[in-house]
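Working notes, structure below.
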Amino acid sequence: MTPVLITGCKGQLGSEIQRLSSGFSEMSFNFTDLEELDITRPGDIRTYLDHNPVRFIVNCAGYTAVDAAEDDKKMAFKLNAEAIESLAKISAEQDIQLIHISTDYVFDGEKNHPYKEDDPVNPQSVYGKSKLGGELALQRLNTGIIIRTSWLYSSFGQNFVKTILRLSGVKDQLNVIFDQTGCPTYARDLAAAILQVIRTEISHEKTPRHEIYHYSNQGMCSWYEFATSIITFAGVECNILPVLSKDYITKAKRPRYSVMSKEKITAAYDIEVPHWMNSLKDCMDELTAK
Ligand SMILES: NC(=O)c1ccc[n+]([C@@H]2O[C@H](COP(=O)([O-])OP(=O)(O)OC[C@H]3O[C@@H](n4cnc5c(N)ncnc54)[C@H](OP(=O)(O)O)[C@@H]3O)[C@@H](O)[C@H]2O)c1
């Protein structure tokens with residue numbers, strides 16, 4: 001069996017990987033979160049790997065509070081850039097293939113058609129800049145696979161879906177931004193794609209790939225359309241009002257448009273990407289059954 005280390009395993013993505021892991025019997029998994037392995041401590045990573053050697057690391061740990069990062073730049077960079085540099089160095093030394101998750105927020109959102117992997121980056125927020133720092137570390141060391149994703153949600157952890165559900169239970173109407181377009185991603189679909197990438201890499205006889213890929217669900221929408229769909233699937237009464245970004249001020253600036261092309265990952269790894277509405281329905285069914 002091929003040993004795989006998952007860091008940040010208690011977050012949205014890590015939890016979904018845990019849930020799907022039993023379907024990938026050719027892999028054995030070590031699941032760690034902050035208490036077992038703090039990725040900002042390179043010495044701890046080395047000691048951990050001495051005792052638990054692996055062939056793949058999937059880094060699901062990250063500083064993900066986009067607005068809080070504006071006032072917490074040091075911590076955001078420590079976790080999203082410096083820690084990734086250490087992980088990448090150690091992975092390169094030990095022939096480990098590192099799979100690292102990045103974000104659509106590395107783009108400035110000035111395009112009007114889906115971003116490709118080699119489109120120029122220009123992050124507008126501290127979070128986006130810190131995530132780009134992590135990407136650049138992998139690229140400098142020419143190691144690992146970067147998968148950029150967007151608007152992640154799951155029945156685990158905190159996310160937009162759960163926030164809308166909670167607020168719709170206590171408010172008659174909600175203001176939601178409609179002039180930002182992107183694509184929601186069910187963390188379970190991303191988890192399945194990552195496990196498929198590893199499965200393919202295990203059977204890949206050539207040298208390991210060091211590439212950037214994009215993965216989000218299929219289709220696109222605004223936050224307003226996303227919220228409206230959540231309310232509709234939940235069957236709750238709440239008026240969703242479309243508002244402009246300029247009238248809904250957040251600390252961090254977000255891209256106006258951040259839809260990403262999935263052509264590269266689907267071709268390389270034979271991955272089928274579900275439409276965001278079908279995946280939202282699946283997640284909502286699970287949330288409402290809880
Ligand atoms: N969420 C999104 O909308 C989104 C969009 C695009 C890209 N991404 C990227 O996708 C990845 C996964 O996101 P997610 O939403 O699953 O994240 P998440 O739910 O915030 O989970 C991150 C996990 O990492 C843990 N962690 C924090 N600091 C750590 C450290 N020093 N060492 C080890 N673990 C640590 C967290 O623990 P605590 O909870 O105790 O801090 C948490 O369990 C991240 O890289 C993120 O940047 C996310």
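The values are calculated or read from the model by the stated rules, or taken from the named source; none is laboratory data. Because the structure is a prediction, the values reported are computed rather than measured. Heads up, the Cβs are rebuilt from the backbone with ideal geometry, glycines too, and the neighbour counts pull from every protein chain shown. Heads up: the accessible areas ignore ligands, DNA and RNA and are worked out on the full protein's heavy atoms, side chains in. Shrake-Rupley method; radii C 1.70, N 1.55, O 1.52, S 1.80 Å.
Looking across ALA65, ALA69, ALA76, one residue alone is buried (at least 21 other Cβ atoms within 10 Å of the Cβ) and farther than 16 Å from HIS100 by Cβ. It is ALA69.
Name the one entry in GLU237, GLU201 that is at pLDDT below 95, open to solvent by less than 40 Å² (accessible area, probe 1.4 Å) and out of contact with any helix residue (DSSP H, G or I) (no Cβ under 6 Å at 6 or more places or on another chain). Reasoning before the result, please.
On the way: GLU237 fails: open to solvent by less than 40 Å² (accessible area, probe 1.4 Å).
Only one candidate passes the filter, namely GLU201.
From the list ARG55, ARG19, the one residue that fits, being under 18 Å from HIS100 (Cα atoms) and away from the ligand (no atom under 12 Å from the Cβ), is ARG55.
Is it the case, given these coordinates, that GLN158 is modelled with pLDDT under 95, within 14 Å of the ligand (Cβ to nearest atom) and open to solvent by 10 Å² or more (accessible area, probe 1.4 Å)? Lay out the reasoning, then the answer.
Working: modelled with pLDDT under 95: yes; within 14 Å of the ligand (Cβ to nearest atom): yes; open to solvent by 10 Å² or more (accessible area, probe 1.4 Å): yes.
So GLN158 passes the test.
Per-residue answers, yes or no, for (1) part of a helix (DSSP H, G or I); (2) not polar (S, T, N, Q):
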{"residue": "LEU132", "(1), (2)": "yes, yes"}
{"residue": "ARG148", "(1), (2)": "no, yes"}
{"residue": "GLY157", "(1), (2)": "no, yes"}
{"residue": "ASP189", "(1), (2)": "yes, yes"}
{"residue": "ALA192", "(1), (2)": "yes, yes"}
{"residue": "LEU195", "(1), (2)": "yes, yes"}
{"residue": "PRO208", "(1), (2)": "no, yes"}
{"residue": "TYR213", "(1), (2)": "no, yes"}
{"residue": "SER216", "(1), (2)": "no, no"}
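Hey, any hits in segment 111-119 for a residue that's in a helix (DSSP H, G or I), more than 13 Å from the ligand (Cβ to nearest atom), over 14 Å from TYR213 (Cα atoms) and at pLDDT 95 or above?
No, there is no match, as no residue in segment 111-119 is in a helix (DSSP H, G or I), more than 13 Å from the ligand (Cβ to nearest atom), over 14 Å from TYR213 (Cα atoms) and at pLDDT 95 or above.
Filtered by the rule that a residue be within 27 Å of THR200 (Cβ to Cβ), hydroxyl-bearing (Ser, Thr, Tyr) and outside any helix (DSSP H, G or I), segment 255-288 gives SER258, SER261. Just one of (1) surrounded by fewer than 18 Cβ atoms within 10 Å (Cβ to Cβ); (2) among the β-branched types (Val, Ile, Thr); (3) more than 15 Å from the ligand (Cβ to nearest atom) fails for VAL4. It is (1). Of all residues in segment 105-138, those that are in contact with a Gly (Cβ under 6 Å, 6 or more places away or on another chain) and either open to solvent by 20 Å² or more (accessible area, probe 1.4 Å) or closer than 16 Å to MET260 by Cα (or both) total 2. Does segment 249-264 include one or more residues that are of a type in the set (S, T, N, Q), crowded, with 21+ Cβ neighbours inside 10 Å and within 16 Å of the ligand (Cβ to nearest atom)? Yes, because at least one residue in segment 249-264 is of a type in the set (S, T, N, Q), crowded, with 21+ Cβ neighbours inside 10 Å and within 16 Å of the ligand (Cβ to nearest atom).
If the condition is being out of contact with any strand residue (DSSP E or B) (no Cβ under 7 Å at 6 or more places or on another chain) and within 13 Å of the ligand (Cβ to nearest atom), then segment 130-153 contributes SER130, LEU132, GLY133.
Would you check if GLU16 is over 17 Å from GLY134 (Cβ atoms) and open to solvent by less than 10 Å² (accessible area, probe 1.4 Å)? Taking the combined requirement at face value, the residue satisfies it. From the list SER216, SER222, the one residue that fits, being open to solvent by less than 40 Å² (accessible area, probe 1.4 Å), hydroxyl-bearing (Ser, Thr, Tyr) and touching a Leu at 6+ places or on another chain (Cβ under 9 Å), is SER216.
Have a look at LEU34, LEU49 and point out the one that is within 7 Å of the ligand (Cβ to nearest atom) and either within 23 Å of PRO208 (Cα to Cα) or open to solvent by 10 Å² or more (accessible area, probe 1.4 Å) (or both).
Values: LEU49 fails: within 7 Å of the ligand (Cβ to nearest atom).
LEU34 is the lone residue from the list that is within 7 Å of the ligand (Cβ to nearest atom) and either within 23 Å of PRO208 (Cα to Cα) or open to solvent by 10 Å² or more (accessible area, probe 1.4 Å) (or both).
Assessment of segment 241-254 against the conditions (at negative phi, assigned to a helix (DSSP H, G or I) and under 17 Å from the mean Cα position of the chain (by Cα)) yields no matching residue.
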